Structure formats: C-alpha cells, structure tokens
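No value in this document is a laboratory result; all are computed from the given coordinates. From a predicted model like this one, the values you see are computed outputs, not experimental measurements. Quick reminder, even Gly has a Cβ in these numbers, built from the backbone with ideal geometry, and neighbours come from all protein chains shown.
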Amino acid sequence: MDTEPIRFDTKIAVLLRADLEPWQRLNVTSFLVSGLGTQLPEVIGEPYEDADGVPYLPMFRQPVMVFEATKETLTTAHARALSRALPRAVFTSDLFATGNDRDNRAAVRAVPTAELDVVGLAVYGPKNAVDKVVKGARMHP
C-alpha cells in the first residue's frame, strides 16, 4: 500500500461575495461545486466504503479552497477565469429569485457577460492559474 501523501498540481477554488448571508454562502457553494463534478471527471475520487461494506458515493479527490471577496474582486476574478479559459461555474444574484434549473439558466442567459452580478464562482485548473484568478480574495473565515 502506498503511504506517500498525494499532491495535486491542480486546485479547486470557490469565491463567494463577502456580503452574502450564511445560508446563501452554503447554497451558492453547493451549486457551484456540483457543476465542476459533472463536467470534470478527473476531479472525482474513488467511491467510499465503510468497515461493514456499505458503499458511499465518490467525492472530490482534493480539497476545495473557499475564498471570499468584494463584488469588484469577484468581477475581476470572473474576467481572469474567462481569459485563462479555466473550467468554471457561475452563480449570479438573479438565481436567488428563481426556483428551478430552467429558470436559473434563463436568468444567466439573459445578461451579457460583462454585466453579470456574480456572487459566486468556482474554478478548476493548474494551481498557479487558479491562484492568479483568486488574487485579491481571502480565505473564507
């Protein structure tokens, strides 16, 4: 059995706007990371099983770093993620007023990229590229 620590040359980061309510932070984070797992199979690890053989679903293979930022820093991070063509998921303020997936997608589709009111962003990619995207944000308390 290999006992060496596993190191990753990639990073998963979630940026949340600092003025969100606690329930909004949790909700936005959950939605954002679900997008990464559906499109990037390499971020998902192996299934789990307890000592009694009960199976559990696989999860991310690496930690998710959660940051908070001002509206301006989040807008800049969004532009950086786009310019680097990093895999990303976005959550806009409009999504708090919708109640289903179809309306969520329509709400994002209705707003030009530069005018999106981004309250959450998830990005995945090489560590250095993700670090440049989240520059100016701080670790979530």
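Quick notes
- Over the stretch 46-141, relative contact order from alpha-carbon pairs under 8 Å, at least 6 apart, %: 38 percent
- The angle between the Cα long axis of helix 22-39 and the longest principal axis of the Cα atoms of the chain comes to about 70 degrees, rounded to the nearest 10.
- When you filter the trypsin sites (Lys or Arg not before Pro) in the stretch 5-40 for DSSP loop state and at most 14 other Cβ atoms inside 10 Å of their Cβ, you are left with R7.
- Helical runs assigned H by DSSP (4 residues or longer) give the chain a calculated mean residue ellipticity at 222 nm of -10500 deg cm²/dmol, each run adding -39500 (n - 2.57) before division by the residue total.
- ³J(HN,Hα), Karplus 6.51/-1.76/1.60, whole Hz, each residue of the stretch 94-106, x for Gly, Pro: 4, 6, 5, 9, 9, x, 7, 4, 4, 5, 4, 5, 5
- Built amide H within the under 5 Å cut-off of G125, gap 5+: K11
- The stretch 54-141: translational diffusion in µm²/s, Stokes-Einstein, Kirkwood Rh over Cα pairs, 10 °C, 1.306 mPa s: 111 µm²/s
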